[in-house]
Every structure is written in structure tokens, then in C-alpha cells.
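Let me begin by presenting the structure, written as C-alpha cells, before commenting on it.
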Amino acid sequence: MRMMKRMRRVLALSLAVLTAVPQNAAWAGVQIGTACEVQADGSLVQVGNIAGEWIQKPDGYYWMQEDGSIYRKGGWFTVDGKKYFLAYTSGRRKTGWVTYKERRYYMDPQTGELQTGWQDIDGKRYYFDAKTGALHKGGWLTRGKNKYYIKKDGTATIGYVSVKGKKYYMKPKYGIMLKGWMTSGSKKYYFGTDGARASGFTAVSGKTYYFDTKWGYAVTGWKTIGNSKYYFGSDGVMRTGLQTISGKNYIFDTKGAMITSKAVYKQGSAYYRIASSGAATAFTRKVDILACQRLEALGWSLPAVFNWAASRPYRKTPQTIPYGYSQAQYFGEYGLENGFGDCYVMACIFYSCAHILGYQVRFMKGYVPSRSGAVSTHGWVEINYNGTWRVCDPNFTYNTGRSGYMIYYGMSGTWRYINYGMADKNY
């Protein structure tokens, strides 16, 4: 009888605890456990309080209720705000990995507490949702300002990873996605603000680089891309404009492509002849610079140059050739600088400009019939035009008003050229 009364008092006291004591309160050395259920979004919802305390057995920890029995329903269980998972049937507190409703969780190996956030487990890094504790599996993860890429097994990627055809690099130790420059050995790499590794032409801080399309490193030195050649300095920056490389001058356009095969090309205030190799040689002689300036003013047109030479006022020209000058150089410079002269000057204006444009030309001297019936000394130009040697005689046009452009010897309506030959072997 006394035993029955005692049992009724214990039952009444237990009911009072379950209904009146807060979850985290202590009651005569006894704790309050809360059974929980996982919702669709992974969150835990309390479904009831169970007074008791943890007890240790040889195979682990269990929740012993007030009446001395073990709570064996299993599932999620909360004590003092800490989450645990109890094995079904036995009620043993789980440690390590737990799989529940296709989600994975990790319980502290010592305390059995549910782990959240970043955890290093067996040398690998994992992330568990801060609210639910569920393992983040597969795809991108953003935490604060940092991004990570998580593999399908839940481990954080370290090093390179390919995602939708783009390459990314996750830093060692923590797996944070890299942005900006990275140096590996002698190679440099760049990762954009989205973390993708740069490939091909890429602008960085106002400078252009080219990153190898297979391996991603910044190219240095010469590089042929498509049909053009480019040059990238030791810093990887694409060069433009006039550059001296290995003792030779080269010119690159605003997009970095090397200029090639130009009879004349203006860079800044200077003029250059550019070989098929790209090597650029500056025109430095006065006659060449004057010829370039005249050609530029006339739209780089050979017929326009001929007409301009043929329209120069006729003036007697000093015939004394300065030391170091060829005849063509002297007469061409004189006419281009002064804008007038005799037949030699008119011929050599055309000669000098045609030379700049890359034509093969000869300054010729000989004789032509004069109005008196005698012959007069005369100067003109032979030019190789499309593989055929032709005559260009500005003074003939000046005197007759007829075309002296691209005529040939013996042509009807032109002068008869006699006893002629090249005035200079070298220009």
C-alpha cells in the first residue's frame, strides 16, 4: 500500500516537471531532454520534453528517464540547446556520421553534439548548414565574401575545379575561391571577379594580356594568334606602338598586332619602312622625310605626286652636287623643300616619292629635241610598274600639257629620248 502511494507521488511530480519546468532548467540534478522531428526544410521542431540525464554504458551514452528507464524511441534529441541523435530501438547517443532522410550530419566523436559550419574530418573539409546541420553537397557555397566549391561527396575542393567549361582555383587549406593573380613557378595566372581563370585576350587594370587557352598562363614574348603576331613583355603585358625587341624596331597597332610589309608607315611623327618580318627601319634622310610628308599631304597617291611635280614652277637649279649626295637625292630634296626647279628637280621629286612608296625607280639623264631643232639635256624617271618598265616625265607634262605618266619609249605624241642612261647607280 505504501509502495502504491509512493509511485503516485513520483508520477505526479514527473507530470509537474514536464508541464512547468523550462527546457534548459535544472531540477534536482535532472535535465530536460526534448524529442524533435525534422521538417521538410531540415529544421528541427520540438515534439515533447523528457526529464532525465545522460548515463554512460560500455557502448556509449544513453538518456535515462526519471523512472530509471532508457529513452529508446531514437531520432533527434535536444538537451540544453544542443542537438543529438539517438539510435532507434537502442536509444544510444550517436557519434560521427549520421544519415537521416537522405541528409548527412556529423556528430562530435566525443560529445555526440551535432556539428555545424566548417569541420575538418579525417583530413577533409566539410560544411554543415548553420541552422540544420545538414551536410552541404555539390556545387557552390557562399559564406560572407568567400566562395567555395563543394564536391558531390561533400568535401571542399582544393586546387583546380572545372565548372561548366570554366576553370577555378580553390586555395589550399580552406578551399576559398581565388580571385586576382596567382604565380606558380615561373608562370602567372589571372582569375576574374567571378573566379573564372582568364583565357585568351584579357584586360586587367587597363592592360591587355593573353592567357594560354589550354593551360591558362600569361604568355610572354612572341605569340602568333590567328594571322597576326603579338609581343608580350616579361610582365605579360601586350605591347603596342613602337617597340625595340632584341635590338630591332617593330610597330604594333592599337590592338597589338604587328605591322608587316609596309613601304611606308607613320608612327607618331616619324616614318618607317616595315619588312615582311615586321622589322621597322626609320626614314632619317632629309629627302626621305620630305617625300613622306609630301605623300601624306597628297593622300599617298603616286599619280597625285606626279601631277604635283609636273606643276612646279620652272627655275634654274644649281647643279653642284653636295658631298655625300647622289644626284637624285640632291635634286629631290631641293624640289621638295623649295617647291620649284628644273626638269631634274621635277623628275627627282617624283623619283623620291615613288621610292618611298616602294617602287623600283631609275633617275635617267639624256637628250630630247628642243623647239629650235637641236637637242637639250633632260632628266626623267623610269619606273617598274607591275613588272613593266615605264617612263614618267613630269617636265614633259609641264611643257606640253600632255600626259607624261606611265608612257613608254617611242610612244606616239611623246618626246624622243636619245643617248640616255642612269644618272645614279645608288640612291
With +1 on the Cβ of every Lys and Arg and -1 on the Cβ of every Asp and Glu, the dipole magnitude of the stretch 177-261 about its Cα centre, in debye rounded to the nearest 20, is 120 debye
Area of residue 217 that stays accessible when all protein chains are in place (1.4 Å probe, Å², to 10)
60 Å²
For the stretch 265-370, with all protein chains present and a 1.4 Å probe, just round the carbon and sulfur fraction of the accessible area to a whole percent.
50 percent
Backbone HN-Hα couplings from phi across the stretch 92-99 [Karplus 6.51/-1.76/1.60, Hz, Gly and Pro as x]
5, 5, 7, 10, x, 6, 9, 10
Where Rh denotes the Kirkwood radius from the mean inverse Cα pair distance, what is Rg over Rh for the stretch 364-426?
0.95
Under a 1.4 Å probe, what is the accessible area of the stretch 291-361 per residue, stated in Å²?
41 Å²
Of 205, 277, which has the most accessible area with a 1.4 Å probe, and how do the rest follow in descending order?
205, 277
Summing Lys, Arg as +1 and Asp, Glu as -1, what charge do residues with Cβ under 15 Å from the Cβ of residue 270 carry, residue 270 excluded?
+3
With R₀ set to 25 angstrom, the calculated FRET efficiency between the beta-carbons of residue 253 and residue 212, to the nearest 0.05, is 0.65
Can you tell me the accessible area per residue over the stretch 83-167, all protein chains present, probe 1.4 angstrom, in square angstrom?
57 Å²
What number in nm² do you get for the stretch 289-427 if you take the convex hull of its Cα atoms and divide its surface by four?
8.2 nm²
So for 102, 382, 113, 66, what's the accessible-area order with a 1.4 Å probe, most first?
102, 66, 113, 382
Please list 107, 238 from largest to smallest accessible area, probe radius 1.4 Å, with all protein chains kept in place.
238, 107
Trypsin sites (Lys or Arg not before Pro) within the stretch 246-312: DSSP coil, no more than 12 neighbouring Cβ in 10 Å:
255
Proximal aspartates and glutamates relative to residue 207, as straight alpha-carbon distance under 15 Å, when same-chain residues fewer than 8 apart are discounted
235, 253
Between 185, 379, 332, which gets the highest mean-square fluctuation from a Gaussian network model of the chain, Cα cutoff 10 Å?
185
Rounded to the nearest 10 Å², the accessible area of residue 106 using a 1.4 Å probe with every protein chain kept is 30 Å²
Treat every Asp and Glu Cβ in the stretch 261-356 as -1 and every Lys and Arg Cβ as +1, leave all other atoms uncharged, and give the resulting dipole magnitude about the Cα centre to the nearest 20 debye.
60 debye
Range of Cα positions in the chain per principal axis (Å), largest first
165, 36, 32
Any chance you could list the semi-axes, whole Å, largest first, of the equivalent ellipsoid that the Cα gyration tensor gives for the stretch 220-291, using √(5λ)?
24, 12, 10
Separation of the stretch 168-247 and the stretch 378-427 by C-alpha centroid, Å?
56 Å
Springs between alpha-carbon atoms under 10 Å, Gaussian network over the chain: tell me which of 391, 219, 237 tops the mean-square fluctuations.
391
The stretch 56-209, accessible surface, carbon-and-sulfur percent (1.4 angstrom probe):
46 percent
Charges on Cβ only, +1 for Lys and Arg, -1 for Asp and Glu, centred on the Cα centroid of the stretch 145-222; of 174, 160, 218, which one is farthest towards the dipole's positive end?
174
On full extension of the chain, what length is gained from residue 420 through residue 103, given 0.36 nm per residue of separation minus the C-alpha to C-alpha distance?
104.0 nm
With x for Gly and Pro, the residue-by-residue ³J(HN,Hα) of the stretch 113-123, computed from phi through the Karplus equation 6.51 cos²θ - 1.76 cosθ + 1.60 at θ = phi - 60° and given in whole Hz, is 5, 5, 9, 10, x, 6, 9, 9, 10, 6, x
Using a 1.4 angstrom probe and counting only protein chains, how large is the accessible area of residue 415 in Å², to 10?
60 Å²
Treating only Lys and Arg (+1) and Asp and Glu (-1) as charged, each at its beta carbon, one finds that the stretch 122-218 has a dipole about its Cα centre, in Debye to the nearest 20, of 60 debye
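The values are calculated or read from the model by the stated rules, or taken from the named source; none is laboratory data. Given the structure is predicted, the values throughout are model-derived calculations rather than measurements. Using ideal geometry, Cβ is built from the backbone for each residue, glycine included, and neighbour counts are taken over all protein chains shown. Surface areas here come from the heavy atoms of the whole protein model, side chains and all, with no ligands, DNA or RNA. Shrake-Rupley method; radii C 1.70, N 1.55, O 1.52, S 1.80 Å.
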